[in-house]
Amino acid sequence: MRRSPFVLMEIRPVPPRKLTTEQVLEARWRYASGEREFSRFAREYGVGRGAIKAAVLGLTFKELPMPPKRALHDRPFPYG
């Protein structure tokens, strides 16, 4: 039996692990300080990319506070 030459990639299952409150707050702080790679966050926290993105952007874990937007930047307002 021949294999198809059109195999694009191997799909690996994402481990079924939930985020903790501490992980969400840490990821939000890292995102606010300039880290923007959701794929890296997902690998580090052991969840899917969509799950960490939703948590960081506040679509899930809505009861947790979002970090301040201006407090983390070195440039003064309005140039930051």
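Is it the case, given these coordinates, that LEU64 is aliphatic (A, V, I, L, M), at pLDDT 90 or above and assigned to a helix (DSSP H, G or I)? So LEU64 fails the test.
Taken over segment 21-45, the criterion of being in a loop (DSSP other than H, G, I, E, B) and either among the polar types (S, T, N, Q) or out of contact with any helix residue (DSSP H, G or I) (no Cβ under 9 Å at 6 or more places or on another chain) (or both) is satisfied by SER33, GLY34, ARG36, GLU37.
The values are calculated or read from the model by the stated rules, or taken from the named source; none is laboratory data. Bear in mind the structure is a predicted one, so any value in this text is a computation, not a measurement. Every residue, glycine among them, receives a Cβ derived from its backbone with ideal geometry; neighbour counts consider all protein chains shown.
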